[in-house]
Number of protein chains: 2
Amino acid sequence: MATLKDIGAELGLSVATVSRALNGFPEVNSQTREKVRQTAERLGYRPNRVAQRLVTGRSGMVGMIVKLNPDMSSDQTFFEVVAGLSAALAARDTDLVLAVDQGTDPVAAYARMLERDILDGFILNAPVPDDPRVAFLQSRNIPFVMHGTTGEAADYPFFAIDNHAVSRDAVNLLAALGHRRIALLNGEQRYAFARDRAEGFRQAMPVPVPDHFMAGHPPSELAGYAQALTWLSGQQGPRPTAILCSATPQAAGVYRAAKDLSIRVPHDLSVVAHDDGFPQMPATGFAPPLTVTQAPFRDACEPLASALLGCIEERPARDLQATLRADLVLRNSTGPVPQDHKTPWPNSQS
Amino acid sequence: MATLKDIGAELGLSVATVSRALNGFPEVNSQTREKVRQTAERLGYRPNRVAQRLVTGRSGMVGMIVKLNPDMSSDQTFFEVVAGLSAALAARDTDLVLAVDQGTDPVAAYARMLERDILDGFILNAPVPDDPRVAFLQSRNIPFVMHGTTGEAADYPFFAIDNHAVSRDAVNLLAALGHRRIALLNGEQRYAFARDRAEGFRQAMPVPVPDHFMAGHPPSELAGYAQALTWLSGQQGPRPTAILCSATPQAAGVYRAAKDLSIRVPHDLSVVAHDDGFPQMPATGFAPPLTVTQAPFRDACEPLASALLGCIEERPARDLQATLRADLVLRNSTGPVPQDHKTPWPNSQS
DNA sequence: CTGAAAGCGCTTACAG
DNA sequence: CTGAAAGCGCTTACAG
């Protein structure tokens, strides 16, 4: 492997000048810079990351801990994380080190990784309200970025989507179509995103919502199927004319339940889902194609990588926060409310 | 962070002596060593990996590339890999860097990772016969270890199970119970392990096997269900009295197909599977509990890590090869052949 | 605009 | 048994 010294020797320059030329320092003569570049190219020079890291005091590695859920619902996000984030980080000369956590203590796995003392920072996913990892990492002064956010006054870097707006946009669409009996098939209650979607839903709804029309479930087809079956069979009272799902697999379950009960989408039932853009279950592959609020998970990778590196470079947290608005994409799973179901709750529960 | 210098200063020793004491060099005075150890402990000394790596010329990181299969069959292995291998490597001060490959060129992803020039070696999984990655990495002199093997005369480090024996043990068990019409629900043909299991199956079978009784499928419940339905419905001729599965999820599909057709396990049909020990589908959770050849995937992590580091240290490949015999675990999914099905193929195909 | 020098924290021949 | 010194490949004040 060629080194700065080799290049310098070829050109009769010091390693200092070669280093500056290659790193784009403004003071170097442009002809010198050009010669250095060409020689570096010819010699196949690649900077030695380890040496760079020793002198800059960084390891060039960041960590991410993935929780193993018993329902395996993290699987699909897992591949997206590895594919997208590792590419985004690699473009910044940073490596992603993954660890799997099977324990119950939310911070133990982080403490363990910290102990080896080789990480410049962390990427946190799946935040819960008042996430204990925030206080832990802040107390140790470890840089991190969160995918999602724990609440309004977050004083740490994050990249999130506006989950209140996700619910609001969907509710407004359905309300404009005349729907009043809208049910929320939410994500699992323990997560911050699900709490936000529930709040946004309640606030946007033009009528009060009975409690049993809001339920939290894992993002699986089966969970969506089971819950939709309960709602659509009408056991608990009048059935919803529209269902808002927190993930496309849940919507697939809703479609199946509707089919089983001979309920037509969108004629008898409108369905909207939030779409994280996982390739396994594209919203366009539904029959009829699914109306969604869309915010591809992959789009978060670049912003997360760049916010984390900003945090490591000690830029202030407020500059490293972003909340994205999901796109409302109208397809064919939503339609006007059925004529005979215009009142919110025809009678009280049967 | 405390450094060697800090410890030396406390004790009036040179960094050289401190380094030797901490690294277990035999020549240091045992009292000196003890004092150094205590001071290191008290100061919370942790060696700076980056500095160590600069001087030893290693990066302390190894790579693994995970292929994204459209059927997502790699999911379950993925978690085991990250959990087990990263722990085994961490115990050896080595980090695991993962990348996801979605392309078709089998070596392109490796070339890409190599280009960044920060890896000491690779772990290869899912070998195919005549795996092109072997020639590629050998030509560049990059250390690697393979999980599995491509054939007899492998001249590289690997850790594998004896897949011929997997089939042989299962066949011998079933043959001893009187079975002759045994079908092989194999893994996907393109993989080396499936080729070996097919060979072992053919060699161990006391009677010739019709081609349609050997089929390669992904390790999914659905694939097992569909194939078993075909065999057990008897469309293609007399149905098998025993089925050998390459993975427990396939066996779950076989159970379901049998149930659908009112075929009892093990009374009418014996089932044996190979069990990689994935926690999602424990063989003991089957009803009846599944007879398996058992070789937990996790048990491969330590040997793989140690073989890879051996390879990086340039130990000869022959010392870094191991083939493990899977355990045959008898449970309740296997029983004597039904009385009326003792002949291999009662009539020719109907 | 360029160079000489110090230093990041460690390891390891070479002396003594 | 211990120390002084060189060196891994880079970056970056400090001079000129």
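The values are calculated or read from the model by the stated rules, or taken from the named source; none is laboratory data. All values derive from a computational prediction rather than experimental measurement. In this analysis, Cβ positions are derived from the backbone assuming ideal geometry, glycine residues included, and neighbour counts consider all displayed protein chains.
The table below lists the values:
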{"read-out": "Every pair of residues 6+ apart whose Cβ atoms lie under 9 Å, when the first sits in the stretch B:20-45 and is within 13 Å of B:GLU10 (Cα to Cα) while the second is among the aromatic types (Phe, Trp, Tyr)", "value": "B:THR39/B:TYR45"}
{"read-out": "Filtered residues of the stretch A:314-341 (kept if in contact with a helix residue (DSSP H, G or I) (Cβ under 6 Å, 6 or more places away or on another chain) and either charged (D, E, K, R) or part of a loop (DSSP other than H, G, I, E, B) (or both))", "value": "A:ARG325, A:ALA326"}
{"read-out": "Number of positions in the stretch A:18-39 that are farther than 17 Å from A:VAL55 by Cα, near DNA strand D (Cβ under 10 Å from one of its atoms) and buried (at least 18 other Cβ atoms within 10 Å of the Cβ)", "value": "1"}
{"read-out": "Some residue of the stretch A:72-85 being closer than 28 Å to B:MET64 by Cα, among the charged types (D, E, K, R), away from DNA strand D (no atom under 11 Å from the Cβ) and part of a helix (DSSP H, G or I)", "value": "yes"}
{"read-out": "Near pairs, Cβ below 6 angstrom, 6+ apart or cross-chain, from the stretch A:46-60 (within 12 Å of B:ARG49 (Cα to Cα)) to any residue that is within 8 Å of DNA strand D (Cβ to nearest atom)", "value": "A:VAL50/B:LEU54; A:ALA51/B:LEU54; A:LEU54/B:ALA51; A:LEU54/B:LEU54"}
{"read-out": "The stretch A:282-293 residues that are among the basic types (Lys, Arg), paired with ones that are outside any loop (DSSP other than H, G, I, E, B) and crowded, with 20+ Cβ neighbours inside 10 Å (beta carbon under 7 Å, 6 or more apart)", "value": "none"}
{"read-out": "Single residue of the stretch A:40-68 satisfying the filter (in contact with a Phe, Trp or Tyr (Cβ under 8 Å, 6 or more places away or on another chain) and of a type in the set (Val, Ile, Thr)) that is farthest from DNA strand D (Cβ to nearest atom)", "value": "A:VAL66"}
{"read-out": "Residue within the stretch B:107-130 that is touching a residue at least 12 places away in the same chain (Cβ under 8 Å), within 24 Å of A:VAL81 (Cβ to Cβ) and of a type in the set (Ser, Thr, Tyr) present", "value": "yes"}
{"read-out": "Residue selected from the stretch B:40-64 under the condition at pLDDT 90 or above and under 30 Å from A:PHE278 (Cα atoms), by the criterion farthest from DNA strand C (Cβ to nearest atom)", "value": "B:MET64"}
{"read-out": "Residues of the stretch B:40-64 satisfying the condition of being among the basic types (Lys, Arg) and within 14 Å of another protein chain (Cβ to nearest Cβ)", "value": "B:ARG46, B:ARG49, B:ARG53, B:ARG58"}
{"read-out": "When residues of the stretch A:88-99 are limited to those that are within 11 Å of another protein chain (Cβ to nearest Cβ) and over 13 Å from B:LEU98 (Cα atoms), the one farthest from the chain's Cα centre (by Cα)", "value": "A:ASP93"}
{"read-out": "The one condition in (1) at pLDDT below 90; (2) within 14 Å of another protein chain (Cβ to nearest Cβ); (3) over 22 Å from B:THR94 (Cα atoms) that A:ASP105 fails to fulfil", "value": "(2)"}
{"read-out": "When residues of the stretch B:40-64 are limited to those that are at negative phi and assigned to a loop (DSSP other than H, G, I, E, B), the one surrounded by the most Cβ atoms within 10 Å (Cβ to Cβ)", "value": "B:SER59"}
{"read-out": "Test result for B:LEU137, among the hydrophobic types (A, V, I, L, M, F, W, C), over 26 Å from A:MET113 (Cβ atoms) and in contact (Cβ under 8 Å) with a residue 40 or more places away in the chain", "value": "no"}
{"read-out": "Hits in the stretch B:3-39 (condition: assigned to a helix (DSSP H, G or I), over 24 Å from A:ASP117 (Cβ atoms) and either within 14 Å of chain A (Cβ to nearest Cβ) or within 13 Å of DNA strand C (Cβ to nearest atom) (or both))", "value": "B:THR32"}
{"read-out": "Residues of the stretch B:147-177 satisfying the condition of being touching a residue at least 60 places away in the same chain (Cβ under 8 Å), surrounded by fewer than 24 Cβ atoms within 10 Å (Cβ to Cβ) and among the small types (Gly, Ala, Ser)", "value": "B:ALA154, B:ALA160, B:ALA165"}
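Yes/no matrix, rows are residues, columns are (1) in a loop (DSSP other than H, G, I, E, B); (2) out of contact with any helix residue (DSSP H, G or I) (no Cβ under 8 Å at 6 or more places or on another chain); (3) not polar (S, T, N, Q):
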residue	(1), (2), (3)
A:PRO249	no, no, yes
A:GLY253	no, no, yes
A:ALA257	no, no, yes
A:VAL272	no, no, yes
A:GLN280	yes, no, no
A:VAL292	no, no, yes
A:ASP299	no, yes, yes
